[in-house]
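First up is the structure itself, then whatever we jot down about it.
What follows draws every value from the coordinates through simple rules; no lab data is involved. What you see is a predicted model, and the numbers here were worked out from it, not measured in a lab. Here the Cβ is made from the backbone with ideal geometry for all residues, glycine too, and neighbour counts use every protein chain on show.
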Amino acid sequence: MIIVQDIMVSDDLLEQQFMCNLNACKGACCWEGDFGAPLEAAEVNTLEEIYDDIVPFLTPAGRAVIEKEGKSLYYEDMKSEGTPLLENGACAYLTYDALGRAQCGIEQAWAAGVTSFRKPISCHLYPIRVEKEEELNFEALNYDRWDICSAACTLGREKQMPVYRFAREALIRKYGEAFYEELDAAATFIRERDDNNTK
C-alpha cells in the first residue's frame with residue numbers, strides 16, 4: 001500500500017496487469033453482478049439533469065425501467081446509489097454495438113457531443129474501486145478482481161499494462177493530473193528499486 005495525496009493506493013494497482021478486451025468479454029461487466037454501477041451524489045443529480053438528452057441513445061427496455069424506477073436507485077447492500085437494472089441484471093443505460101459488445105448509452109451521448117458527462121466515474125475507473133469512509137476521512141483505491149475479466153488480465157500481461165496505467169484517463173478525471181503524476185512516479189520508483197534488488 002502506498003499513499004498519494006492522502007489517498008491509500010493498493011499495491012495491486014501497480015503490480016497487476018489489466019487491459020479491457022471487449023472482443024473477448026463483450027463488456028460483461030455491464031450486465032453481470034447484483035447491483036447497478038455505483039453513483040456519486042453529484043452524478044445522481046447529473047443523470048436527472050441530462051436524462052432528456054441521453055434518452056435517444058438508450059434502448060426501449062432501458063428507458064422503460066428508468067422511467068418506472070428512476071434514474072438511480074439506492075442499494076442497501078452496496079450502501080450507495082446506483083444505476084437501475086433490467087430484469088436480466090443488465091444496466092438500464094446499456095446498449096450494444098453492431099458486434100454485440102456492450103456500450104454505455106450515456107457515453108454514446110457524450111461521444112455525440114450531446115452532454116459533457118461521459119459516464120459514471122465508477123465505470124470509467126473499473127477495475128479500480130473506490131472505498132470511502134467519510135467520518136474517518138478515509139479513501140482507498142483497490143483492484144477489483146472478477147473472473148469475467150480474465151481475458152483483460154491476459155491481455156494486460158501481454159501488453160505489460162499496470163492497472164493504474166490502464167485507468168490513467170479516469171484517474172486524472174477524478175483526482176487530477178498532479179495525482180496521477182505522483183502515482184506514476186511512485187510506481188516507477190518502486191519498480192526500479194525492485195529491479196535493482198533482484199540484480
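Odds and ends about this structure:
- Short-range pairs are left out: with C-alpha atoms under 8 Å and at least six residues apart, the relative contact order of the chain is 30 percent.
- Rounded if a/c under 1.5, otherwise prolate or oblate - the chain, Cα gyration tensor axes: prolate
- Modelled FRET efficiency - R0 30 Å, R168 with A42, Cβ distances, 0.05 increments: 0.85
- Cα gyration tensor shape for the range 1-99, rounded if a/c is under 1.5, else prolate or oblate: oblate
- Exposure proxy shown here: for K174, K71, the number of other Cβ atoms within 10 Å sets the order, fewest to most, as K174, K71.
- Distance from the Cα centroid of the range 116-153 to that of the range 155-180 is 12 Å (rounded to whole angstrom).
- When each of K132/K174; K79/K119; K119/K174; K119/K159; K79/K132; K71/K119 is checked by Cα-Cα distance, pairs over 23 Å: K119/K159
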